[in-house]
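Participant: Got a structure for you, written out below as structure tokens; questions coming shortly.
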Amino acid sequence: MYQSVFRPALFDGQVVVVTGGGSGIGRCVVHELAFLGATVALVGRNLDKLGAVQSELLQAGVPAARISTHGADIRDEASVKALVTEVLSQHGRIDALVNNAGGQYIAPLASIGAKGWQAVLDTNLTGGFLMARECFVQHMAAHGGSIVNMVADMWGSMPGMGHSGAARAGMVSFTETAAVEWAPHGVRVNAIAPGYIASSGMDHYPPEAAAMLREMPATVPAGRFGNEAEVSASIVFLLSPAASFISGTVLRVDGARPQVRLGMGPVGASADVQQRAAVRAFDGFPLYQSPKVFQP
């Protein structure tokens with residue numbers, strides 16, 4: 001069973017849509033929300049991945065009626081409209097949206113073509129906008145709700161991933177705007193900015209990036225990677241009643257990495273310090289597996 005820090009049944013009776021729910025952080029979020037009583041609507045382009053997560057939930061004892069899978073391309077407006085209509089038809093409501101789907105690739109700006117640039121913006125910005133807008137228009141405008149958008153550690157920009165940095169910065173602006181425009185309808189809109197998270201998404205980077213990935217924790221004051229459960233817990237908090245006065249903000253989950261400056265020297269906490277209670281890694285997801293690049 002998922003080891004959530006939140007009380008059982010916190011989301012009983014609520015329906016939460018999670019895009020990119022078939023892997024990585026999205027998969028972890030789905031497990032935690034389902035453990036806390038939510039009905040989860042998993043969204044993605046790969047139905048096989050969504051089906052695998054659905055099977056995991058069933059094996060964990062989640063009733064089949066509280067799980068649905070929906071194949072959709074969030075970059076396509078018609079597909080998104082049909083998806084939201086389908087979720088409402090099946091479950092009758094949408095209380096929350098976790099705009100988790102995204103992706104990018106390593107490349108300097110000079111080598112990024114218009115097609116690649118547009119693809120990353122469509123996935124990380126336009127798709128999130130379309131999902132949020134349709135959930136708002138079709139249900140939340142009349143009933144309220146909460147939205148959490150996924151951004152990234154793009155403070156100081158993202159050299160080597162400029163297309164993603166531009167998209168994530170745009171999503172921060174969208175989050176702030178939507179929080180104001182939709183507040184009169186009882187809708188909260190926030191964002192999560194994960195730092196260096198050891199998630200399955202790292203398995204998609206090219207082999208030549210392995211050395212860089214292994215060195216990354218040395219640049220984090222916390223001295224380690226974050227994990228999927230730590231990001232999921234932050235998302236759950238923003239969806240919870242405890243965050244009812246929080247809207248239009250970005251919650252960073254990054255071990256203070258953006259504060260590191262060139263010339264500061266070693267910054268990472270030692271291995272023994274990392275075991276102190278206040279900073280010890282929270283391992284709440286029993287099905288979590290370390291990315292292949294870090295496995296022996």
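Rule-based calculations on the coordinates, nothing more; no lab input. Being a predicted model, the structure only gives us computed values, none of them experimental. Here Cβ is always computed from backbone atoms with ideal geometry, including for glycine, and neighbour counts include all displayed protein chains.
Participant: For segment 169-237, take N as its residue count and report Rg(C-alpha) divided by 2.2 N^0.38 Å.
Facilitator: Segment 169-237 yields a ratio of 1.47.
Participant: Contact order normalised by length for segment 41-136, with contacts defined as Cα pairs under 8 Å and 6 or more residues apart; what percent is it?
Facilitator: Worked out over segment 41-136, it gives 30 percent.
Participant: From Cα pairs below 8 angstrom and at least 6 apart in sequence, can you work out the relative contact order of the chain, rounded to a whole percent?
Facilitator: Relative contact order of the chain: 18 percent.
Participant: Could you calculate the FRET efficiency of His185 with Glu208 from 1/(1 + (r/R0)^6), where r is the beta carbon distance between them and R0 is 41 Å, rounded to 0.05?
Facilitator: The value I calculate is 0.30.
Participant: Magnitude of the Cβ-charge dipole of the chain, K/R +1 and D/E -1, about the Cα centre, nearest 20 debye?
Facilitator: 300 debye
Participant: Could you give the spread of the C-alpha atoms of the chain along their three principal axes, from largest to smallest, in whole angstroms?
Facilitator: In descending order, the Cα extents are 54, 44, 38 Å.
Participant: Near Gly92, within a Cβ-to-Cβ distance under 14 Å, what is the net charge of the other residues, with Lys and Arg +1 and Asp and Glu -1?
Facilitator: Around Gly92, the surrounding residues sum to 0.
Participant: Do the sum for the chain: with -39,500 (n - 2.57) for every DSSP H run of n ≥ 4, divided by all residues, what is the mean residue ellipticity at 222 nm, to the nearest 500 deg cm²/dmol?
Facilitator: Rounded to the nearest 500, it is -10000 deg cm²/dmol.
Participant: Still on this structure: Between 0 and 90 degrees, rounded to the nearest ten: what's the tilt of helix 77-91 against the longest Cα principal axis of the chain?
Facilitator: It is inclined by approximately 60 degrees.
Participant: In nanometres, what is the gap between the two model label sites at Arg93 and Asp76, each 7 Å from Cα along Cα-to-Cβ?
Facilitator: 3.1 nm
Participant: Is segment 80-210 best put as rounded, prolate or oblate by its Cα gyration tensor, with a ≥ b ≥ c the root eigenvalues, rounded for a/c under 1.5, and otherwise prolate when a/b is larger than b/c, oblate when not?
Facilitator: Judged from the Cα gyration tensor, segment 80-210 comes out prolate (a/c at least 1.5, a/b above b/c).
Participant: Can you tell me the Rg and Dmax of segment 143-285, counting just the alpha carbons, in angstroms?
Facilitator: Reported Rg and Dmax, both Å: 16.6, 51.
Participant: Now for a different question. Run the simple label-point estimate for Arg261 and Thr177 please: 7 Å along Cα→C-beta, distance reported in nm.
Facilitator: 3.3 nm
Participant: Find out how many positive minus negative residues lie around Asp153, taking Lys and Arg as positive, Asp and Glu as negative, among other residues whose Cβ is under 14 Å from that of Asp153.
Facilitator: Combined, the nearby Lys, Arg, Asp and Glu give +1.
Participant: Where a ≥ b ≥ c are the square roots of the eigenvalues of the C-alpha gyration tensor, would you call segment 237-296 rounded, which needs a/c under 1.5, or, failing that, prolate if a/b is larger than b/c, or oblate?
Facilitator: Judged from the Cα gyration tensor, segment 237-296 comes out oblate (a/c at least 1.5, b/c at or above a/b).
Participant: Does segment 92-161 come out rounded, prolate or oblate, given a ≥ b ≥ c as the square roots of the eigenvalues of its C-alpha gyration tensor, rounded meaning a/c under 1.5 and, failing that, prolate meaning a/b above b/c?
Facilitator: Prolate shape, in that a/c is at least 1.5 and a/b is the bigger ratio.
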